[in-house]
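Before any comments, here is the structure.
The values are calculated or read from the model by the stated rules, or taken from the named source; none is laboratory data. Source: prediction; values computed, not measured. Note that we place each Cβ from the backbone using ideal geometry, even for glycine, and neighbour counts take in every protein chain shown.
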Amino acid sequence: MKKLCITFFVLVLGMNAHAQHTHEQSDSTKRLEEVKITAIAKRKIETELKMAVSVDEFLASSDNISFIKRGAYAWEPLLNNMSTERSTITIDGMHIFGACTDKMDPVTSYVESNNLSAIDITSGQAGSLHGATVAGSIDLKRKSTPFGLEKNWSGAYQTGFEFNNNQFFNLGNLSYSSDRFVADGSMALRKAGNYYDGNNDEVNHSQYNKFNTSLGLAYKTSPLSSVRVDAIYDRAKDVGFPALPMDLWLSRAIITSASYKQLFEDGMWRVWDTKLYFNAVEHYMDDTKRPENLVHMDMPGWSTTYGLVSRANLKRGDYSAEIQLNAYDNLSIAEMTMYPQDRSNKTMFAYSWPWVTTRFAGLSVNNSWDFSAVSRLNFGGSLGWNYNYSKYVEFNRIFHPGTPREKSRLLPGLHASYQLNVHQFDFSVGTGYGHRAPSVSEGYGYYIYNSFDRYDYIGNPDLKNEISYEANASAGFRNERMGIEAKVNYFHIQNYIVGRILSLGSPMNYQSVGVKGYTSLNHARLFNVALNANYDMLQHLHWKGTLTYARATDDKNGNLPFIRPLSYQTSLHFMYGKFGIQTSLNGDFAQENYSPEYGEDPTPAYMVWNISADYTFNFTNFKAVLQVGAENLFNEYYSTYADWGNIPRMGRNMFTSLKINF
Amino acid sequence: MVKGMNMKTLKFYTIVLSLAVASCTKDKTDYEAEIDTVVTEYDEFKEAVAIRSEGYDVSIEALNGAFYKGYNEIRLKITNSQTNEKADASAVTFLPIKTDAEGSKFSCPHLYDLVSRPDDSYFSGYSVFTDESSTNGSWELYISFTIAGRTYAVKQNVSVQEQANKNLNMTTFTGKDDEQYFIALVSPQRPKVGENELVAGIYKFNKPINPPSGDFPDLSQFSYTEVSGYTLQLDPRMPEPSMGNHSSPNNKDLTQQGDGLYHGLVNYTMTGNWTLNFIMLNQKGQILKGTVVPDDFTPGVEGVKSELHIDILF
Ligand SMILES: [Cu+2]
């Protein structure tokens, strides 16, 4: 009985999407299917408006995620308005690094909505569990069916069509569960043509084609232990990036892991979970479909990572802790081969990532102490060692003569927060301090063309660690009918890494206007505020709204780029019997604090209205939902502050989908 | 049971792994091979010519055992034909002469008085051949040396081959001071991406004051010197139209060092065709030759070059 209580407590925590500490992960080894299913249902990958969403669309519904969009595919997620170098993005704690120097392949592009169960977003240093970070962490949780479900087989199939870009998708997943053996498999296929903007003009080179499949097998080696192997294979082919001067010909990723999990029935130790992983990404760009390119260039990239993640959960009385060891070794390679106009001349070759090895090993601890019935203290820290090795350091030495081939850094992090729950109110205050190492591009990149500001970027191996000082607070009120919550955070980041125009050297890429080198600003400041509210107007009429604002400045009070202006999302959801109707409105106010220095221009306000309706029905053992809807109903022509090169967003998009569960 | 499963798991995992590792779609560029095979490298001194004269063997060694257009370091050895031992020679001189189709005679930058290197038992010098041997002209070496108070003079026809390594190219020009100059690249033979020490020789033809007189050759007609105290300003570019006359940072102008040659630094940002654009300044800092190359990035157009430049390739 006692054991069950503890597990139930854990699951309740798990349901809270913003829980800062999921002490014991929903435990797949035990027989707790009823509770477990509820937990999954609460966190399934769909938005208010749309049930068949891409991973990107799902992430977009979170208030601290925004996106840089270079087309219709593989959006780069910004956490707290900070780019991917400043956050750790992991799949079940595994580190993966994209193989594209132009960020065509964020980690989120290598999974599919039907092989994920949840996405854990942790803001700031509280997210240092998976490794050193500044902005926080995004952990993509894969599906993992519990052992011993009453129903051996379960699965879902989703298909749909989106009319704007002729996107056709088929997603299927199937799970088998017995007392000793579990299997999860999924397969997904999406194919889309060019989309049309709000003026009904075709946006060329915005097509994509993605195939994703995954398999997970788990075996219970004893009542309290299990082994599990997982693999994801993802392939994107012929993907257009309208905002970039080139497209993607092919990108493939294989993501594998083998893990061992041990539960403990009594004592302080509760769970110990250790995983070995390997992933490899290959990425080949294609500029041959762009007639404006007078120069043909081959730009392949490869990224290979081996790693270990080992996690233990402890609990004694009011105190619980999570300890995680992270270690990985990544090799990033990117090449440029330029073809001369007279093809009889010799081709020209350089590395944009000159075989850069990154090794990381770190230990992270999160503690939580419920020191009274209404208050809790969370505190923790991490200490990491980051090592870089540039095999062909001669490329880096051109701009940084004599720079060492190897570099080691120590990355400490600390965080603490206090939570108070009084009646229907809750409050929290927190603070954090942490370092991060420069990314491969920031440290060792070589003539990486950035089509946003049209500069070639040169990495600097001697960059200092970026150091973040962070403060955050939240206040909320909740009763049966409504909830309201305000969250703020503030980051003061020392040695903030940006690209600055270099007086040295000249561009290499055809479209480039100059050379920028990564350097450290003395500091930068970022401020984010989010306001969330929900209200159940009637039993079956629900309203939800979010308002976010951010401001970020450099050490001369100039604006930083890609900072979201005042923006809002609001939705109404009405249910009547088996019917549901949703409508939502989202938009940004005008972007006034733009940064011309980083290639930005002002972006006007926009507002997009979406609507959808669904019908749920059962036949034999199947439960099916049919949905039709329209995004951007009024066919507004707009582009957002974070649309690379101001490419217009999609105009009116009618969509339809069918989901069958069994 | 537990063990059995783990083994199976391991096997599955190994298969997945090996599939993943073995199946890259496109091969990575073999960078080391890329920068390796392009140039003909001259790395070993071998005999290029042997002359027998009055009981002595004169052997001239050059890199790869041949003479090429451009800078050639030479090593001259004199041995006694009978004993096969090193002869005790002194005052060794070296003069290359080219005879063209009309019968006119020219020379080229060279070291006339070879330097004795007793430790290595040879005499050291150089010759910057300005042309390869052809029907329009042939090269002859005039050599003299003194042994035991007696002076010996020999001459020998030699063949000068085309320069196969563009990194050892040379150029000839007339400066603003109306003097004839020669710039020949000496090193690197095999440049690499990144920083390279660039070495060149700068020579001047000393115009004869009087018409030729006496026996041929009249040395005053064929006098060349290494210029001293000049500066060779360097601006490396990629003239290929697709590269927009791309340049590189952190280069260093060439200045004269103790070996008489001019040393500087050049950075190549990638492999391909490069042009070394020069501006030559005399001791007083006056421009004798060369023009400033505009900094504009000019994609699509063949890059502008200085009027004084040498093209290389790697
Ligand atoms: Cu790419």
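Limited to the range A:276-289, what total is found for residues that are more than 10 Å from every other protein chain (Cβ to nearest Cβ), out of contact with any Phe, Trp or Tyr (no Cβ under 8 Å at 6 or more places or on another chain) and crowded, with 16+ Cβ neighbours inside 10 Å? Going through the range A:276-289 one residue at a time, the tally reaches 1.
Here's the yes/no breakdown for (1) in a strand (DSSP E or B); (2) free of Cβ contacts under 8 Å to residues at least 24 places away in the same chain; (3) buried (at least 19 other Cβ atoms within 10 Å of the Cβ); (4) in contact with a Leu (Cβ under 9 Å, 6 or more places away or on another chain):
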residue	(1), (2), (3), (4)
A:A373	no, yes, no, no
A:F379	yes, no, no, yes
A:Y392	no, no, yes, no
A:S408	yes, yes, no, no
A:H435	yes, no, yes, yes
A:K464	no, no, no, no
A:E470	yes, no, yes, no
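Screening the candidates A:E335, A:E322 for the property of being more than 11 Å from chain B (Cβ to nearest Cβ) and either surrounded by fewer than 18 Cβ atoms within 10 Å (Cβ to Cβ) or in a strand (DSSP E or B) (or both) yields one hit, A:E322.
So that you can scan it fast, the table gives a plain yes or no per residue for (1) loosely packed, with under 14 Cβ neighbours inside 10 Å; (2) at pLDDT below 60; (3) among the aromatic types (F, W, Y):
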residue	(1), (2), (3)
B:L10	yes, yes, no
B:S18	yes, yes, no
B:D27	yes, no, no
B:D30	yes, no, no
B:G55	yes, no, no
B:L63	no, no, no
B:T79	no, no, no
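Considering the range B:224-274 alone, what residues qualify as being touching a Lys or Arg at 6+ places or on another chain (Cβ under 9 Å), over 21 Å from B:R190 (Cα atoms) and either without any contact (Cβ under 8 Å) to a residue 24 or more places away in the chain or among the acidic types (D, E) (or both)? Result: B:T225, B:E226. Restricting the range A:290-319 to residues that are within 12 Å of another protein chain (Cβ to nearest Cβ) and not in a strand (DSSP E or B), which is farthest from the ligand (Cβ to nearest atom)? If we take residues in the range A:290-319 being within 12 Å of another protein chain (Cβ to nearest Cβ) and not in a strand (DSSP E or B), then A:L294 is farthest from the ligand (Cβ to nearest atom). Checking B:D259 against (1) in a loop (DSSP other than H, G, I, E, B); (2) under 21 Å from the mean Cα position of the chain (by Cα); (3) within 14 Å of chain A (Cβ to nearest Cβ): exactly one of these is not met. Which one? It fails just one condition, (3). For A:V356, the criteria (1) surrounded by 17 or more Cβ atoms within 10 Å (Cβ to Cβ); (2) at pLDDT 95 or above; (3) farther than 30 Å from B:V193 by Cβ hold in every case but one, which is (3). B:D131 satisfies every condition listed in (1) farther than 15 Å from B:I51 by Cα; (2) outside any loop (DSSP other than H, G, I, E, B); (3) not hydroxyl-bearing (S, T, Y) except (2). Restricting attention to the range A:65-91, the residues being surrounded by 22 or more Cβ atoms within 10 Å (Cβ to Cβ) and outside any strand (DSSP E or B) number 9.
Would you please name the residue that is farthest from A:N165 (Cα to Cα), looking only at residues in the range A:206-244 that are within 16 Å of the ligand (Cβ to nearest atom) and surrounded by fewer than 20 Cβ atoms within 10 Å (Cβ to Cβ)?
Filtering the range A:206-244 for residues within 16 Å of the ligand (Cβ to nearest atom) gives A:206-210, A:234-244.
When the remaining residues are screened for being surrounded by fewer than 20 Cβ atoms within 10 Å (Cβ to Cβ), the result is A:209, A:235, A:237-238.
Working: A:N209: 12, A:R235: 20, A:K237: 16, A:D238: 15 Å.
So, considering only residues that are within 16 Å of the ligand (Cβ to nearest atom) and surrounded by fewer than 20 Cβ atoms within 10 Å (Cβ to Cβ), the one farthest from A:N165 (Cα to Cα) is A:R235.
Can you give me the number of residues within the range A:245-266 that are touching a strand residue (DSSP E or B) at 6+ places or on another chain (Cβ under 9 Å) and either charged (D, E, K, R) or more than 16 Å from the ligand (Cβ to nearest atom) (or both)? Qualifying residue count, the range A:245-266: 13.
For A:Q424, the criteria (1) modelled with pLDDT under 95; (2) surrounded by 18 or more Cβ atoms within 10 Å (Cβ to Cβ); (3) polar (S, T, N, Q) hold in every case but one, which is (2).
So is A:N366 more than 14 Å from chain B (Cβ to nearest Cβ), crowded, with 22+ Cβ neighbours inside 10 Å and in contact with a strand residue (DSSP E or B) (Cβ under 8 Å, 6 or more places away or on another chain) or not? So A:N366 passes the test. The residue that is nearest to A:A192 (Cα to Cα), among those in the range A:242-275 that are more than 14 Å from every other protein chain (Cβ to nearest Cβ) and in a strand (DSSP E or B), is A:D247.
Among the residues making up the range A:233-275, those that are among the aromatic types (F, W, Y) and either without any contact (Cβ under 8 Å) to a residue 40 or more places away in the chain or touching a Phe, Trp or Tyr at 6+ places or on another chain (Cβ under 6 Å) (or both) are A:Y233, A:W249, A:Y260.
Contact map, the range A:97-111: first residue within 14 Å of chain B (Cβ to nearest Cβ) and small (G, A, S), second residue assigned to a loop (DSSP other than H, G, I, E, B) and more than 8 Å from the ligand (Cβ to nearest atom), Cβ cut-off under 9 Å, separation 6 or more or different chains; the map is empty. When the range A:186-241 is limited to residues that are away from chain B (no Cβ under 14 Å) and small (G, A, S), the one that is farthest from A:S259 (Cα to Cα) turns out to be A:G198.
Please enumerate the residues belonging to the range B:89-127 that are β-branched (V, I, T) and over 21 Å from B:G201 (Cβ atoms). So that I can check it myself, show each step before the final result.
So in the range B:89-127, the residues β-branched (V, I, T) come out as B:92-93, B:97, B:99, B:115.
Across the range B:89-127, the qualifying residue is only B:T99.
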